[in-house]
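Scroll down for the structure; my scribbles are underneath it.
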Amino acid sequence: MFECEKTGCVGDKCFQHCNFSSDGKPIDGPWYLQEPLYLRWKQWDCSSDCRYHCMLAREGEREKVGDKPVKYHGKWPFRRVYGIQEPVAVALSALNLSIQFHGWMSFFILLYYKLPLRPDKKTYYEYTGLWHIYGILAMNSWFWSAVFHSRDVELTEKLDCSSAVALLGFNFILAILRAFSVRDEAARVMVAAPLIAFVTTHIY
């Protein structure tokens, strides 16, 4: 990889943006030799591209001698598609996001347009607010899952993990409230407060 960063090439594959300094100024070429925008916003720089193509070259060598794929930095050697790091995982996360959105909208339409409402326009179902929060947290979690699998950097990893922890924590709270039929607001707060505090300490 160090040779790649020095020469800007892995075998016959060369990266134009390796000819640019860290401040974006061209070293031996004009500005239009930089990578396309769809790659630049994902932070595919010289170092990350070298790691990626060195990994592919190494896996090609292993395949020729009959060896099975191995993990690199804890990840399997997936091929990028239009700058997307794990396209299948992104597609599945997006599918989960769409299903969660469809379910949330169906729940909303059922309660507010198909079932009778109280005189104050509130629903008779006492857990409406909790299920709305669940829907929002679930959609948020799958959104950041798609972003993380699209490009694995420190920020997207933290957002993905934190969103998943928040969703799991709320699932636990919701399960307790529903299982024991906790309807009083004060009792709900007493149950949820320590659990929320515990979950918050595990979000980073």
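The values are calculated or read from the model by the stated rules, or taken from the named source; none is laboratory data. No experiment lies behind these values; they were computed from the predicted model shown. In this analysis, Cβ positions are derived from the backbone assuming ideal geometry, glycine residues included, and neighbour counts consider all displayed protein chains.
Quick notes on this one:
- So PHE148, is it at pLDDT below 95, buried (at least 16 other Cβ atoms within 10 Å of the Cβ) and closer than 29 Å to ARG79 by Cβ: yes
- Taken together, TYR112, TYR82 contain a single residue that is assigned by TED's automatic domain parsing to the domain that holds VAL182 and farther than 24 Å from ILE176 by Cα, which is TYR112.
- Residue match in segment 67-74 (condition: surrounded by fewer than 14 Cβ atoms within 10 Å (Cβ to Cβ), on the phi < 0 side of the Ramachandran plot, without any contact (Cβ under 8 Å) to a residue 12 or more places away in the chain and in contact with a helix residue (DSSP H, G or I) (Cβ under 7 Å, 6 or more places away or on another chain)): yes
- Just one residue in the set ILE136, ILE173 is within 17 Å of the chain's Cα centre (by Cα) and assigned to a helix (DSSP H, G or I); that residue is ILE136.
- Residues (in a helix (DSSP H, G or I), over 24 Å from ALA192 (Cα atoms) and of a type in the set (S, T, N, Q)) located in segment 76-133: SER93, ASN96, SER98, SER106
- Looking only at segment 79-96, residues that are touching a helix residue (DSSP H, G or I) at 6+ places or on another chain (Cβ under 7 Å) and more than 18 Å from GLU59 (Cβ to Cβ) come to 8 in all.
- Verdict on ARG178 being at pLDDT below 95 and either surrounded by fewer than 18 Cβ atoms within 10 Å (Cβ to Cβ) or not basic (Lys, Arg) (or both): yes
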